[in-house]
Every structure is written in C-alpha cells, then in structure tokens.
Amino acid sequence: MEKSALQIARSAYQPKLPLGLQGAVKVKEGEATQSVDNQEEIKALFPNTYGMPLVEFVPGEETKHEPMNVGIILSGGQAPGGHNVITGLFDMVKKLNPANRLYGFILGPGGLVDHKYMELTKEIVDEYRNTGGFDMIGSGRTKLEKEEQFEKGLEIIRELGIKAVVIIGGDDSNTNACVLAEYYAAKKYGVQVIGCPKTIDGDLKNAQIETSFGFDTACKTYSELIGNIERDCNSARKYWHFIKVMGRSASHIALECALQTQPNICLISEEIEQKGMSLNDIVDYIAQAVVCRAQDGNNFGTVIIPEGVIEFIPAIKKLIAQLNDVLAMPEAKDISRDEQVDFAKSHLSDENLAVFNSLPVGVARQLALDRDPHGNVQVSLIETEKLLSTMVAQKLEKMKKEGKYTGKFATQHHFFGYEGRCAAPSNFDADYCYALGASAAQLIAAGKTGYMAIVQNTTAPAAEWKAGGVPITMMMNMERRNGEMKPVIRKALVELDGAPFKCFASQRERWARETAYVYPGPIQYWGPTEVCDQPTKTLALEQGK
C-alpha cells in the first residue's frame, strides 16, 4: 500500500491507554442493570442477556489466559478510528496470549454469513495503525436478524474456532449484535458477541457512552471546511452559503460545527420540532437574518443545516410516519416506482395529503420513494440546502416588492458528508478507539457477551479514562420500525436543556447579525496539547470543562 509522508509519520504514533488497561486487568462489576424503557418487553425478548452488571477494568494480578480466536466485523457507515479499534483489539488479544488469532469478516456482517474472511496478521494490522477508513476489511449494511443468518455464521465460527465476535457499528448494528448474542446464548453455543459504539452522527450516546467514535474527527474535518468557506465568504462578501452536514436523526454534528465556527445561522432539528415550526417558519427565520445583515451592508453569510431537518418539522414528520406504514404494506411491494407516489397518496389521511401536496414536487416524490434497509426515508438525497435557499429567495423577492428589503441575495450550496467519514483520526479518536478495542478484548477474556465496550471520563488525560463494558440491553427500548414494534437502542437527540445547546443559543443572535466567524483550521497531530488533544466542544461543555 502506497503511503503519504503524513501516514508514514502517523503510523509511529502509539495511542494512549487508560491506566486500567495498561497492565494486568481485573474486572470490577457494578449493579445489575435494566433497559431505559419497556423493561418487561425487553426482558422477555432477551432473557439470557438482560439485567447483567456494568463492568469496569482496573489494575489486577497477572493471570494465564487460554488461547482464543476472535472475529471482527465493521458494520454500517465508515467513521474515523475504526482501524484503531481493530489494532487495539489485536494488540490486547496478542498480549493476553500470543497464540490468539484475529479474523476479519470481509465487507461487514455479510462476510460472516457468506464465510468471507481473512486472518489479520501483525503485517496487515501495522499497515493501518492510526489511519482513517474501514478499508482493512471493508464494511457493509447487511442486517443480522434472521435465524438462518445466525446459523450460517455459526458454521464459519466453528470452523475457525472463534470464541467471540466483535461488531463495530452504530445503534442499529449494535441492536443486531445484541440479538445475535441472545440467540447464541439461548442455544448455549458458547459464542460471545461484543459491540463497539461507532457513528459520526453522535447519536449513540447515553449515561454510559460519552461519545461515539468518529464524531470528534468528523466534526473537526467539517469545521475546517466550514471555516474555510466562512473565510471565503468574508473575503468575497457576495454570497450566502447554505451548508448541509450529516446527521439524519439528530443535530449533534450541526451543533458541534456551529460551536467551532460561529456561523450566522445554524438550524437545530430538535428545536424546530419542539417549537412546532413549519417549513415556512424556518424560511422566515433565515430570511429575517438576511434582511438584518443587508441593513448593515452585509449581503453574505453562512447557514448550517442538519441533513435530517425536514423529518423534524412536525407536519412533515407525521406525514413520513404514515408514509412509512403505507409503504410497508404487503401490496406496496408489488407496485412499480411510477405507481408508488399515487399508491401512497391514495392511502394518506386528508391532513397528511394536504401537507404532501404543499411540498415542492421533487421533495414530495423523494419522501414517497426510496427507503434505506431500515425502512427510513433517505434524507441525505433530499437537497434541503437548495430547497431552503430557493424558498428564502422567493420570500426576499416578495419583501423587495413590498419595499421591506433592498439587499442582494446570491447563494452557494455545499453538502459535507463523505468528506468526514474516512478522515485520519484525531489524537482523541485514535486514543479512544484503541482503548475501545482493548476493552472489547478484555470483555471477551472475562467471558462476557451482549456487552458494548465503553470508555468514560474522556475529557481527562487518557491515562485517567475509565474502560469497561455496558450490557447492550440497558440502552434498549421498543420503537416502531417498518410498521411493527422492535427492540432498538434509543437514539440520543440534542438536549435543548443541555449545556452545548444552551451555549449555542446564548450567542446565536449576535452571530446572526455580526460576522463572528472562527476558522479552526485542519486537525493537528503534533504540537501543544491545547491544539492537538482537545475533545469536541460538545463533550467539554457536557462535562463542565
């Protein structure tokens, strides 16, 4: 593999480990746990993996570990640091017993089902230390949910003598990991399953998981790009830049990027839902800021938009919920794409049909057509940034005719998504992921299954981090998916009474009027701690740092 000068220098970086993982490890067990909601239903569905204790790793005595083989799967979208989870797992597995072996399943969960794998040797693993991407073994979105998949996977697990499988993924992938763990435990197959919290969206977060890996690097990458655009914006002084960023189900990325770059406007989907805002309310809000800046002679600005914002507008959210149910109906599966829109419209309530008909034709069609494998609208395909800027332009034209606006309004559009998913991990993510991989190895050695590896106290120096595990069932509740109730890990939305949002809300009126841009610049790997080792502003604010 060809390497850049940065990659060569970066491969020598040795990630820092929490004290509890540096030497011999002892398992400290906490109280029994229960799910965040729907306790009876979750307990009934997961009788073998429910109610297990929280686990923390602390320094202990040297013990002998029998040889074991481990399998690893990268599931879902890429996130910076995935390779360091694998290197952390590899190093700890080999430290426990040099005879241990690690197998990577190719292109995600499908690799387990289709028996596509490779042994991960030191030579292979060393090539990928501290690199972005998931290209060591690739990733995929196959859902592990059927018994025949579990049994097919078991064949290769038995053939390779694998004791445990580690699944690196987001909330859906870890939900599937929990289902797999429960199935193998119920059948007494002796196969452990461990999860790892990955998503750049930042919505896999709770009292045990302080942040999902990749969020830090992705936000810093996007913030560099947004800062560059702000500087260009402030140099040319003639464009309003509408910037959509990833984050379908929550606005964590948008909020973090706003805290780092101080744009004129940042929409927060959760607030839009709470306030019951309509599409027109959002357009009015942006237009008002454009008018105010024009009065000061500033016909330029920046707007950050979370990609899932349209799903949070209450009227559209109700429409999408009914569309999801309609398109999950058996008769919807046999109709062509051309017929799908008419089929959907014929099954909508009068209220939802009125909302559907009020939307621009392209957006309405998008809502009624493609779904992702989990049955969700593919909101990243909806060009919300163009939709909003077009509607703002129409609003301003009307105001011009009424003599309420005399400025100029020219726009540029951007969508930052894939640019951040495979960036070389920041020092924070390199350390955090390495510790997660090492924790996963220790969970396996401790005989645990149905757990997710966790690392806490992450705004302190890495040696003071606390590593351990949380039962996945603890994070679950029942939610409607594809027309039926399913056990899933609860997504973490932006908390409007949380410190990060409050900090943003206290400053946004000033940002809207003034040009208060901040230019963060690129991620730094070598240099002063205050430049290289800082966590996200979100994490620092949440922990009062």
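The values are calculated or read from the model by the stated rules, or taken from the named source; none is laboratory data. This structure is a prediction, so every number in the text was calculated from the model and none was measured. Quick reminder, even Gly has a Cβ in these numbers, built from the backbone with ideal geometry, and neighbours come from all protein chains shown. The protein model used for the area step is the full one, side chains on, heavy atoms only, and it has no ligands, DNA or RNA in it. Shrake-Rupley method; radii C 1.70, N 1.55, O 1.52, S 1.80 Å.
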Open item on the list: Can you compute 3J(HN,Hα) from phi for each residue in the range 457-471, using the Karplus curve 6.51 cos²θ - 1.76 cosθ + 1.60 with θ = phi - 60°, rounded to whole Hz and x for Gly and Pro?
Closed with: 6, 7, 8, 8, x, 4, 4, 8, 5, 10, 9, x, x, 10, x
Task: Alpha-carbon gyration tensor eigenvalues x 5, square-rooted, for the chain, Å - done: 41, 29, 20
TODO: Over the range 283-338, average the accessible area per residue using a 1.4 Å probe and give it in Å², no decimals.
DONE: 39 Å²
Task: Value of relative contact order over the range 170-244, rounded to a whole percent, pairs C-alpha under 8 Å and six or more apart - done: 19 percent
TODO: For the range 310-348 and the range 1-69, write down the distance between their C-alpha centroids in whole Å.
DONE: 41 Å
Open item on the list: If exposed means no more than 14 neighbouring beta carbons inside 10 Å and the site is in a DSSP loop, what's the longest run of the chain without any exposed chymotrypsin sites (Phe, Trp or Tyr not before Pro)?
Closed with: 190-525
Task: Solvent-accessible surface (1.4 angstrom probe) belonging to VAL58, in square angstrom, nearest 10 - done: 30 Å²
Open item on the list: Ordering ARG365, ARG421 by accessible area with a probe of 1.4 Å, largest first, what comes out?
Closed with: ARG365, ARG421
- [ ] Please give the per residue accessible area of the range 14-79, computed with a probe of 1.4 Å over protein heavy atoms only, in Å².
- [x] 54 Å²
TODO: Assuming a ≥ b ≥ c are the square roots of the Cα gyration tensor eigenvalues, decide whether the range 324-481 counts as rounded (a/c under 1.5), prolate (otherwise, with a/b larger than b/c) or oblate.
DONE: oblate
Task: Percent RCO, i.e. relative contact order, over the chain, from Cα pairs under 8 Å lying at least 6 residues apart - done: 24 percent
TODO: Kindly report, to the nearest 10 Å², the accessible surface of GLU148 as traced by a 1.4 Å probe over protein heavy atoms only.
DONE: 120 Å²
Task: Signed unit charges on C-beta, dipole axis of the range 369-526, positive-most listed residue HIS413, TRP465, GLY450 - done: HIS413
Task: the range 114-273, accessible area per residue, ligands and nucleic acids excluded (1.4 Å, Å²) - done: 31 Å²
Open item on the list: Give me the dipole magnitude in Debye, nearest 20, for the chain about the Cα centre, with unit charges on the beta carbon: positive for Lys and Arg, negative for Asp and Glu.
Closed with: 820 debye
Task: Dipole in debye (nearest 20) - the range 307-361, about Cα centre, beta carbon charges: Lys, Arg +1; Asp, Glu -1 - done: 140 debye
TODO: Rank these by accessible area, largest first, 1.4 Å probe: SER426, SER336.
DONE: SER336, SER426
- [ ] Using only protein heavy atoms and a 1.4 Å probe, report how much of MET391 is accessible, in Å² to the nearest 10.
- [x] 40 Å²
Open item on the list: Using only the heavy atoms of the protein chains and a 1.4 Å probe, how would THR515, THR199 rank by accessible area, largest first?
Closed with: THR515, THR199
Open item on the list: Restricting to bridges with both residues inside the chain, how much of the DSSP beta-bridge set is antiparallel, in percent to the nearest 5?
Closed with: 40 percent
- [ ] Taking the dipole about the Cα centre of the range 191-270, with the C-beta of Lys and Arg at +1 and of Asp and Glu at -1, give me whichever of ASN264, THR217, GLY247 is farthest to the positive side.
- [x] ASN264
TODO: Check the straight Cα-Cα distances from LYS448 and name the lysines below 22 Å, setting aside those fewer than 8 residues away within the same chain.
DONE: LYS26, LYS28, LYS43, LYS64, LYS94, LYS95, LYS163, LYS187, LYS188, LYS198, LYS205, LYS466
TODO: Please work out how many pairs of lysine residues in the range 266-414 are eight or more positions apart (or on different chains) and have Cα atoms closer than 21 angstrom.
DONE: 14
- [ ] Using only the Cα atoms of the range 201-248, construct the convex hull and provide its projected area averaged over every direction, in square nanometres to one decimal.
- [x] 4.0 nm²
Open item on the list: If I compute solvent accessible area with a 1.4 Å probe over the protein chains, what percent of it on the chain is carbon and sulfur?
Closed with: 50 percent
